[in-house]
1. Looking at B:Thr209, B:Thr224 in this structure, which one is surrounded by fewer than 19 Cβ atoms within 10 Å (Cβ to Cβ) and either in contact (Cβ under 8 Å) with a residue 40 or more places away in the chain or within 18 Å of B:Phe383 (Cβ to Cβ) (or both)?
2. Output the number of residues of the range B:257-274 satisfying the condition of being aliphatic (A, V, I, L, M), within 26 Å of B:Ala192 (Cα to Cα) and at the interface with another protein chain (Cβ under 7 Å from one of its Cβ atoms).
3. With the requirement that a residue be among the β-branched types (Val, Ile, Thr) and assigned to a loop (DSSP other than H, G, I, E, B), what does the range B:227-251 give you?
4. Determine if the range B:338-349 includes at least one residue that is outside any helix (DSSP H, G or I), more than 7 Å from every other protein chain (Cβ to nearest Cβ) and not hydrophobic (A, V, I, L, M, F, W, C).
5. Against the condition in a helix (DSSP H, G or I) and out of contact with any helix residue (DSSP H, G or I) (no Cβ under 8 Å at 6 or more places or on another chain), how does B:Thr224 come out, does it pass?
6. Within the range A:29-44, restricting attention to residues that are outside any helix (DSSP H, G or I) and open to solvent by 20 Å² or more (accessible area, probe 1.4 Å), which residue is farthest from B:Phe384 (Cα to Cα)?
7. Within the range B:267-288, is there a residue that is on the phi > 0 side of the Ramachandran plot, open to solvent by less than 40 Å² (accessible area, probe 1.4 Å) and not basic (Lys, Arg)?
8. Are there any pairs, at least 6 apart or on different chains, whose C-beta atoms fall under 7 Å, with the first in the range B:379-399 and more than 12 Å from chain A (Cβ to nearest Cβ) and under 9 Å from B:Ala262 (Cα atoms) and the second at pLDDT 75 or above and surrounded by fewer than 24 Cβ atoms within 10 Å (Cβ to Cβ), and if so, which?
Amino acid sequence: MIRRLPLDALSVITRAISDSISHIYLLAIPVGVVAVLLSLRLPEVKLRTSLHPIADEVPMSNADPLQ
Amino acid sequence: MLGMLLAALDATIVSTALPTIVGDVHGANHLSWVRSGVPSGLHGEYALVGQARRPLRSKVFFIAAIINFLVGSMLCGLATNMMMLILFRALQGLGGGGLMVGAQAVIADVVPPRERGKYSGLLGAVFGAATVLGPLLGGFIVEYWSWRWIFFVNLPFGIVALAVTAAALPNAGERKQHVIDYAGIITLTLAASALILFTSLGGSSFPWTSWKSIALLIGGVVLTFVFITIERRSREPVLPPSLFANRVFSSASAIGFVVGFAMFGAMTYLPVYFQDVHGVSPTNSGLRLLPMMVGLFSASIIVGQLVVRGWRYRPFPIAGTAVMTIGIGLLGTIGVTTSTLVTGAYMLILGVGIGLVMQILVTAVQNAVNPADVGAATAGSNFFRSIGGSFGTAVLAPSTPTSSRTSWPRTSSRAGSPVPCPRSHTGRRP
């Protein structure tokens, strides 16, 4: 339907939609920055090599494995 | 793998068809809800998965999820109005969630964490392949048949998955007497749904300050507190509070929420951009998403292989979120005259970023928690990413009317033709 509109209306519409969608990405940038900051807080825990953990290899509770 | 393919395919197949679907059922204002209907159903399922896997054998659980998914798909294809479609999408999402989380949890049952990267990378690749095939298939079906076949097409795939699962999946897991935390599952699902409804419908279907918006917000917050109280008292909580004491789980969940928010919010509107701004067909808009899928696919497999070879996992989410943010920023510069090549390059960057971070978080979480809680931790991790995606899709929604048989919300034309006035990101119309 959009494509059947007169050229001047079509131009206004497509620009409005384009601007509206590009705003989405601009708004998402701060969210991405928050994701980076949160990633910096992710601890590294040595990956287990067995399905049946041994005591010194895996925490047997859900307590912080770094403590 | 088949289960993951089925669920992921359906999450993406709808994207290129959305403009046509919402036009046909007269629901452009709720475009984000059709997209997020499946994730909203997934929330309940993610909650259920961690619990249901305990008493049920993986095989039984998987078969139940496939049947649930197939029934939901069939009903979606028969929907005649927007409300039916949203409800059936949520029902379909219940099955899809079981398939997605179940696939990851089954791998955790049989593969040690050090080797798991290889398989989780493959799962990520399957997800990537589905995201390539989904929009293409969706565009093709909408263009040459009817949008209803987007849902009906799941039936033969699902029947094959059902047969393969019945024949090939071993009966892993042990039967024990467990208590299902129904109160926790119900309150969690209701709380998530209320908050997503608030962000999705507030400012579009009714004003932010209306009693409906305020009731949804208060209801969501109160139910969240009720859920926390229930979990503290439950013998076998759906989301054990002790998991949040684990820094890997809490960090990965927070990252998953934010990545889901940005990722789904960003991905949902690209087909709309291609179809409405560039005027391409649904199939063509699916083709134009290929660079993002290639990036996601490649990065996911490479990360899995590197971790298996002894690389540390921590740098990948950091690099991934940074690359993803750059990709999102670059997409923020697209306009009416931006070429397909440039948009493709931006999408490739976004895809690489998502691929670097998505699957490795699941491996990190499964490795860090008590093995008995792997199911709940996997489900919890997926839950936060999924709910982040629902919030992202709803909050970032521009509410721009899309093409084909859509009624515009307001007209203001110099030439006497209807000109849409897209809602700004603040929820107000200019």
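The values are calculated or read from the model by the stated rules, or taken from the named source; none is laboratory data. For clarity, every value in this text was computed on a predicted model and none was experimentally measured. FYI the Cβ positions are ideal-geometry reconstructions off the backbone, even for glycines, and counts take in every protein chain you see. All accessible areas refer to the heavy atoms of the entire protein, side chains included, with ligands and DNA or RNA removed. Shrake-Rupley method; radii C 1.70, N 1.55, O 1.52, S 1.80 Å.
1. Working: B:Thr209 fails: either in contact (Cβ under 8 Å) with a residue 40 or more places away in the chain or within 18 Å of B:Phe383 (Cβ to Cβ) (or both).
Of B:Thr209, B:Thr224, the one residue that is surrounded by fewer than 19 Cβ atoms within 10 Å (Cβ to Cβ) and either in contact (Cβ under 8 Å) with a residue 40 or more places away in the chain or within 18 Å of B:Phe383 (Cβ to Cβ) (or both) is B:Thr224.
2. So the count comes out to 4.
3. If we filter the range B:227-251 for residues that are among the β-branched types (Val, Ile, Thr), which is where we start, we get B:228-230, B:238, B:248.
Listed by number, the list holds a single entry, B:Val238.
4. Residues of the range B:338-349 outside any helix (DSSP H, G or I): B:338-339.
Keeping just the survivors that are more than 7 Å from every other protein chain (Cβ to nearest Cβ) gives B:338-339.
Filter again for not hydrophobic (A, V, I, L, M, F, W, C), leaving B:338-339.
Checked against the condition, which is being outside any helix (DSSP H, G or I), more than 7 Å from every other protein chain (Cβ to nearest Cβ) and not hydrophobic (A, V, I, L, M, F, W, C), the range B:338-349 yields at least one hit.
5. Values: in a helix (DSSP H, G or I): yes; out of contact with any helix residue (DSSP H, G or I) (no Cβ under 8 Å at 6 or more places or on another chain): no.
Here the answer is no, as B:Thr224 does not meet what is asked.
6. Ranking the qualifying residues of the range A:29-44, first place goes to A:Glu44.
7. Within the range B:267-288, the first condition is being on the phi > 0 side of the Ramachandran plot, and the residues that meet it are B:279.
Going one step further and asking which of them are open to solvent by less than 40 Å² (accessible area, probe 1.4 Å), we end up with B:279.
Going one step further and asking which of them are not basic (Lys, Arg), we end up with B:279.
Among the residues of the range B:267-288, at least one is on the phi > 0 side of the Ramachandran plot, open to solvent by less than 40 Å² (accessible area, probe 1.4 Å) and not basic (Lys, Arg), which makes the answer yes.
8. Every condition considered, no pair remains.
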